[in-house]
Each structure stands twice: as C-alpha cells, then as structure tokens.
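First up is the structure itself, then whatever we jot down about it.
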Amino acid sequence: MTPTPPPGRALLEGKRVVVTAAAGTGIGSSVAERSLLEGATVLISDIHDRRLAETADRLAESTGRRPATAVCNVTVEDDVQALVASAVEQLGGIDVMVNNAGLGGATKLVDMTDEQWSSVLGVTLDGTMRCTRAVLRHMIDTGTAGTIVNNASVVGWRAQAEQCHYAAAKAGVMALTRCSAIEAAEYGIRVNAVAPSIAMHPFLAKVSDPQFLDGLAAQEAFGRAAEPWEVANVIVFLASDLSSYMTGEVLSVSSQHP
C-alpha cells in the first residue's frame with residue numbers, strides 16, 4: 001500500500017531553492033513541489049524548455065505557487081553560471097541547491113563505448129561538480145550559510161550489472177559530497193546527498209525494461225518502488241534546519257535489504 005504525501009510543515013519557510021533537472025514527473029519536480037509546499041521560493045531548471053514550462057504550470061496548479069524557471073545544460077559551464085545569475089535575479093539569492101541532474105543507461109562494460117561512458121559521467125558527475133562549485137562560490141561570496149543536496153544512488157555502493165558508468169558516476173557524487181562538505185564547513189555551508197534505490201515515475205517506466213524495474217522493486221522490503229515524493233521528502237529534510245548538524249552524509253532512501 002502506497003502512503004499519501006504528508007502536509008507541508010513550513011520546513012523551508014523563507015528559503016530560496018534551486019532544483020536542476022526538474023522538468024517532468026520525476027524526483028526533481030517532486031522536490032520542487034515539496035519545497036513550494038514547505039514555504040520556499042523555488043526556481044526549477046532543466047535542459048528541456050517546453051517540459052520546463054509545462055512543469056512550472058503543473059506545480060502552480062498543484063501548490064498555488066508558480067516556480068521561476070531557467071533553462072540549463074549542466075554539462076556547459078556558461079549555462080551553469082547563467083543559472084546561478086538567473087536565480088540571483090529572480091529569487092534574490094540561493095539558500096538551497098538541489099543537484100538532481102543525471103543520466104543513466106544499461107550497457108555491459110565490454111560493449112560500452114567511450115562516448116557512452118563520458119555522456120553519463122559528464123551529466124551525472126561533472127554536472128554535479130559544476131553546479132556545486134558555482135553555488136559554493138556564490139554562497140561564500142554572499143556569506144550565505146546555505147545547503148546543497150546531491151542526488152546519488154544506491155548503485156554507488158552496490159554492484160549491479162550493466163551499470164558501470166552510472167555506478168561510477170554516482171560513487172563519484174558521493175565522494176564529491178563528502179570532500180566538498182569538509183571544505184564548505186568553515187563557511188557554515190552544508191553538503192549532503194541522498195541515495196535512492198528505485199523511484200518510479202512515468203519517464204523511467206517509458207525508457208526502462210519493465211521486467212528490470214519489476215525485479216528491482218521486488219527486492220525492496222515494501223515490495224514496491226518508492227514514489228518520487230518519498231525521495232523528495234528526504235531531500236527537503238537535508239535542506240532544512242532539522243538536519244543542521246549533518247554534512248558530508250549520504251542517506252540511503254531505500255527499503256532494500258543489504
């Protein structure tokens with residue numbers, strides 16, 4: 001039985017939140033929705049202009065508050081710089097950065113091309129690095145004791161066939177989270193990550209093998225995949241003052257047995 005989303009509790013009241021890869025119906029848009037319900041002012045970003053506008057409209061309808069938008073390709077440094085500038089212009093600054101952008105795929109290493117490897121790491125790891133770097137510079141320059149939350153994955157810990165590129169990227173995100181957190185601590189900035197197992201949404205179902213997804217869900221203790229909002233709730237917790245003593249941590253959002 002799938003639970004229903006809890007009501008907002010003003011956990012991010014007055015916070016300015018930026019979420020990357022937030023178009024569509026996945027974890028990113030769920031984070032944006034939960035942030036709006038928790039009282040934040042939100043900017044959502046994505047590489048898909050039309051889907052981004054459609055998502056903003058849908059969030060306005062579901063929450064009564066329309067997020068700001070900015071198109072951004074996290075593999076392009078100029079785009080990332082423009083994203084931060086847009087957030088400063090539209091929100092007045094950034095208190096919370098959620099690095100959600102990632103790219104997956106399923107290919108055995110012996111069949112994997114350099115391009116496939118580089119594409120996944122370029123978005124998932126390099127993109128997270130670029131956004132983290134840019135936002136850290138902004139927060140340090142403005143004296144903002146903000147928070148950064150990165151979206152990792154349990155495959156950064158667990159072995160899974162055909163996931164060498166994705167697992168390496170997500171393990172890199174975990175290491176990036178821990179190391180950047182140590183560097184940011186002296187400025188009062190916290191950096192943490194979540195590591196979901198499987199969160200089901202229409203886009204994932206569309207691009208993935210149903211038997212593969214069913215197999216992953218069957219391994220979970222609850223016998224089902226997480227809902228995107230269930231992952232979003234943990235991200236919002238890490239972004240909120242409730243986790244004020246946590247930094248450099250990677251929280252598993254999973255019911256899967258070790």
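Brief remarks on what is shown
- Sorted by Cβ density within 10 Å, fewest first, the residues V110, V155, V42, V88: V110, V88, V155, V42
- For the chain, alpha-carbon Rg relative to the globular expectation (2.2 N^0.38 Å, N residues): 0.94
- Counted over the stretch 1-154 with a bin width of 5 Å, the fraction of Cα pairs per bin, in whole percents, is 2, 10, 18, 22, 19, 13, 8, 4, 3, 1.
- Phi-derived couplings, Karplus 6.51 cos²θ - 1.76 cosθ + 1.60 at θ = phi - 60°, listed residue by residue for the stretch 133-150: 4, 5, 6, 4, 4, 5, 5, 5, 5, 9, x, 8, 7, x, 9, 10, 10, 9 Hz, with x used for Gly and Pro.
- Here the stretch 40-126 is treated with +1 on each Lys and Arg Cβ and -1 on each Asp and Glu Cβ, and its dipole about the Cα centre works out to around 400 debye.
- Whole-Å distance, taken between Cα centres, linking the stretch 65-125 and the stretch 1-42: 18 Å
- Dipole magnitude for the chain: computed about the Cα centre from +1 point charges on Lys and Arg Cβ and -1 point charges on Asp and Glu Cβ, it is near 380 debye.
- Cut-off of 10 Å, at most 16 other beta carbons, DSSP loop: longest stretch of the chain lacking such trypsin sites (Lys or Arg not before Pro): 159-223
- The DSSP beta bridges internal to the chain are antiparallel in roughly 5% of cases.
- Kirkwood hydrodynamic radius of the stretch 127-178, Cα pairs, Å: 12.2 Å
- Amide hydrogen neighbours beyond the local backbone of V253, cut-off 5 Å, H modeled: A195, S197
Every number in this text was worked out from the coordinates using simple rules, so none of it is lab data. All values reported here derive from a predicted model rather than from experimental measurement. Positions of Cβ are generated from backbone atoms using ideal geometry, with glycine treated the same way; all protein chains shown enter the neighbour counts.
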